[in-house]
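> Input: one structure, supplied below.
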Amino acid sequence: MNASGDAPVYACRAWVNFNGTGVVSVIASGNVSSVTDNGVGDYTLNFATSMPNANYSISSSSTELDGVPIPVALRVSGTTPLLKSTSAVRVSIRSIYNSALVDINNISVQVFC
């Protein structure tokens, strides 16, 4: 089914839901071949099929830290320059309380291009 109206519809090009604690494991995904654990709260999402360009947008959600809901922020990260290429994006998860990197047990990231 397609959306009605005059505004264009843009599809999600990749998405992943993963456990970011302990041994990182993908729960479900679309066009994400793997998630690399770079350290506490620091992950690289590797795309199965490359994005058409690196000017994409990412969004995210997470559930909890040690069973307690905690507001977090997802940021594109990595060394300078940031890792945001057609084949992968590096993201970090930080507590909004103190900006500390945190591992979260349920992270969802969506990529739109």
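Please treat every number below as a calculation from the coordinates, not as lab data. All values reported here derive from a predicted model rather than from experimental measurement. Note that each Cβ is placed from the backbone with ideal geometry, even for glycine, and that neighbours are counted across all protein chains shown.
> Grab the beta carbon distance between ASN31 and ASN98, set R0 = 41 Å, and tell me the FRET efficiency rounded to 0.05.
It comes to 0.75.
> Listed highest first by mean packing, meaning other Cβ atoms within 10 Å per residue, what order do 83-93, 21-31 come in?
Taking the mean over residues of other Cβ atoms within 10 Å, the ranking is 83-93, 21-31.
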